[in-house]
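Structure, as structure tokens:
The numbers here are math on the coordinates, done by the rules we state, and not lab data. Quick caveat: nothing in here was measured; it's all calculated off a predicted structure. Quick reminder, even Gly has a Cβ in these numbers, built from the backbone with ideal geometry, and neighbours come from all protein chains shown.
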Amino acid sequence: MDPIAAGFWGAFFGTAALMLGVALTAFIRFRRSVALLAGLAAVVPAAFVAAYLGWLTAGGDVQARVLAHASMAATAILSPLLVSLLGLVRTRVAFRRIGWGYAGLGLTVLAAGWTLQAQEALAASWAFMCANSLVLLVVAWRSAGAGNRLGRATVSGMGLLLAGLAALSWMAWHREAPWTAHALAAGAGMGYLMMMAAAAWSRFSYLLELSEVMAHGPSYDPVTRMRSHSETGQLVGDIFFHREAEARPVGVLAVCVGNLYALENLHGRAAFNHALFICAGRLRRCVPDTIEMGRLGDDGFLLLTRSMEDLRALDQLARQIRDKLARPVSLSTSREPGRMEAGATTWIADVGIGVLPTTTKARPAHAVATARAMARTAWTYPARIAFFDAQRGQIAELPQDAPAPQPA
């Protein structure tokens, strides 16, 4: 194989491997159905290309039979996945019916192919695969016209798939194909994988958002993707009120952003919401899963923990949150969808953090109010972190190398 062609195919298989790795990670941690879809969308095209490049057999009639079977297997596996990705299948029963239908059609074409010569069987399988791809392209086009947000990505992916199929089929009958044919096939394949990965991620993010909405209902805040104000109050009650007689330690950490309202006055509500969205996303990424989070007013967040390890490391967590939220961010000041990614102004969050280790014997409202007051007081400190100094009986700045405050 030409070195340039080998480079293109190396990029293709590298893209497939990367997509498979991401799918395996998502399979372990998140939505397994969508991860399985993305994994199959990476593995099946890679195996299909390997067969068409002649890596599985030596050639001749055996090669033609292998290609015919590979074509039908790829069609039977990927077609139901594409239909599911478009959201046209709502139930598992319907998905299974479509899968069994494609399996039956594939076996019928293969059985008919065994009555023909090997090259004729390959031509029949390839014709069925291309016809099915055209049908799916039309379905995706109509779905995009009906407002399906995944339709456009699927249309682009199917167009690239057809281009890649045409190049691979020409290469199957002309083994001495120039590197340009390899480049066209590999480029189309990479484009198809990237389009399918984008569509799968869009589908995954939609399902993740839907699961949060279904779990929390009206208590879900769509801006921060956290508990809303009322749900945070319920969380505080659940943590502080318990049936046990002895007091248990609780860590309360309040985060307040002091310049959100100034940002709104200067650039409008869209910039305010964008900044709040960015701060919430950064906060979710740096906070351990053992810590509960929710909204605290319009400009802050409340973190609660009963884990002893998290209690001992409250000061380190506060510093980590401060460093994470204080990084500059480019905010959009436009509500137009096409201009949201274009940052119009650079903004740095003025973060204040209040650290309050306490116990379940404390009044919940008093504990939350104290932590929030400390967070607002922390705006005046260089370290931007405050705690309650029991020896002096007042709010103080948390020293840079101080040990974690102990519950009062």
Could you check the simple spin-label distance between HIS366 and ARG152, using points 7 Å along Cα→Cβ, in nm with one decimal?
5.7 nm
With label points built 7 Å along Cα→Cβ from the Cα atoms of ALA17 and TRP170, find their separation and express it in nm.
2.9 nm
Gain upon complete extension [PHE277, ALA390; 0.36 nm per residue less C-alpha separation]:
37.1 nm
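How long are the three semi-axes of the equivalent ellipsoid for the stretch 231-298, computed from the Cα gyration tensor as the root of 5 times each eigenvalue, in whole Å, largest first? Provide the component values of the computation, followed by the final result.
On the way: eigenvalues 196, 33, 18 Å².
Semi-axes, largest first: 31, 13, 9 Å.
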